[in-house]
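Everything on this sheet refers to the single structure shown next.
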Amino acid sequence: MRSVTEGASPVLEPESRSEAAYRAIEEMVVTLQLPPGTVTTEQKLCERTGFGRTPVREALLRLSYGFLVTILPRRGVLVRPVEVDYILMTIDIRQSVERLMVRRAARLADDFQRRRLRDLAALIEEAAHAPDPLRFMRIDDAFNRLLAKAAQHEVAARTFEPLHCVNRRAGFVYAGAEGKGLAETGREHVRIMHAIAAGNAAEAEAALDALLAKSIEIAHELSASQARELVP
């Protein structure tokens, strides 16, 4: 899989095969290459990703913790539907966990991480204005991993990861091919990145609050859209 930021310095150390398998399958779910309601198998995912059964199995376990898939014994793997109740519950937790992370990152990020945040801010702004939903989601994922590392809080990072996967898929569904909502969410991502890079925790928290408010708005619009689809 191509990097979101080809030609730029890597965000993290080289990934293990398990981590790489997780990133590949998670992107397939988030970007609807595996649509909601799809039932697949470990073997099919091995064939699609090129990874062996062990890293794929480990990836699926992690995705099941993140409310993206359900493992069906002896039947395969179900890609869960876009469930608005779960989206809203994850935002509730993000409001606490992610606030902690941006505060810590603003204080603890090193010089390389601060430069990298500014680089990612420029890239996500470009993707938002293109608009390019796939590139936007890949850059957002790179930002989340950088934030987790800069915050230096393993418990918060592990809590945050599966929550954000749910929200990234919701954002991708909402954006559609036209990139709906990317300008607004992109603006707040840029604010967060620049605020952390500048060591301004208060501004980072304010931008995060605005981003999560937009995420709640998106969740309610998805719920309304789902309701309309049920009307004969």
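The values are calculated or read from the model by the stated rules, or taken from the named source; none is laboratory data. In this text, all values refer to a predicted model and were calculated from it rather than measured experimentally. Here the Cβ is made from the backbone with ideal geometry for all residues, glycine too, and neighbour counts use every protein chain on show. Surface areas here come from the heavy atoms of the whole protein model, side chains and all, with no ligands, DNA or RNA. Shrake-Rupley method; radii C 1.70, N 1.55, O 1.52, S 1.80 Å.
Things to note:
- Take the conditions (1) within 18 Å of LEU211 (Cα to Cα); (2) touching a helix residue (DSSP H, G or I) at 6+ places or on another chain (Cβ under 6 Å); (3) among the hydroxyl-bearing types (Ser, Thr, Tyr); SER96 misses just one of them, which is (2).
- Within region 40-65, residues that are closer than 26 Å to THR159 by Cβ and aromatic (Phe, Trp, Tyr) sit with their Cβ atoms under 7 Å from residues that are open to solvent by less than 20 Å² (accessible area, probe 1.4 Å) and assigned to a helix (DSSP H, G or I), at 6+ positions apart or across chains, in these pairs: PHE51/ALA21.
- Candidate set from region 172-183 (those that are in a helix (DSSP H, G or I) and under 12 Å from HIS129 (Cβ atoms)); member that is least open to solvent (accessible area, probe 1.4 Å): LEU182
- Within the option set ARG57, ARG74, ARG62, being at positive phi and of a type outside the set (A, V, I, L, M) holds for one residue only, ARG74.
- Conditions (1) in a strand (DSSP E or B); (2) at pLDDT below 95; number of the one not met by LEU78: (2)
- Flag if ALA142 is open to solvent by less than 40 Å² (accessible area, probe 1.4 Å), modelled with pLDDT of 95 or more and in a helix (DSSP H, G or I): yes
- Complete set of residues in region 200-223 that are open to solvent by 40 Å² or more (accessible area, probe 1.4 Å) and of a type in the set (Gly, Ala, Ser): ALA202, ALA206, ALA213, SER223
- The condition (being polar (S, T, N, Q), surrounded by fewer than 20 Cβ atoms within 10 Å (Cβ to Cβ) and either touching a residue at least 40 places away in the same chain (Cβ under 8 Å) or more than 19 Å from GLN226 (Cα to Cα) (or both)) is satisfied by just one residue among THR90, THR70: THR70.
- Whichever residue in region 173-232 is touching a residue at least 60 places away in the same chain (Cβ under 8 Å) and hydroxyl-bearing (Ser, Thr, Tyr) and, among such residues, is farthest from ARG138 (Cα to Cα): SER223
- Region 16-27, subset without any contact (Cβ under 8 Å) to a residue 60 or more places away in the chain and open to solvent by less than 10 Å² (accessible area, probe 1.4 Å), residue farthest from the chain's Cα centre (by Cα): ALA21
- Summed over region 28-39, the residues that are touching a residue at least 40 places away in the same chain (Cβ under 8 Å) and assigned to a loop (DSSP other than H, G, I, E, B) give a count of 7.
- Among the residues of region 47-67, those that are farther than 25 Å from VAL173 by Cα and either part of a helix (DSSP H, G or I) or open to solvent by less than 50 Å² (accessible area, probe 1.4 Å) (or both) comprise GLU47, PHE51, GLY52, ARG53, THR54, PRO55, ARG57, GLU58.
- Positions within region 109-128 being over 15 Å from ARG191 (Cβ atoms), open to solvent by 50 Å² or more (accessible area, probe 1.4 Å) and assigned to a helix (DSSP H, G or I), in sequence order: ASP111, PHE112, ARG115, ASP119, GLU126
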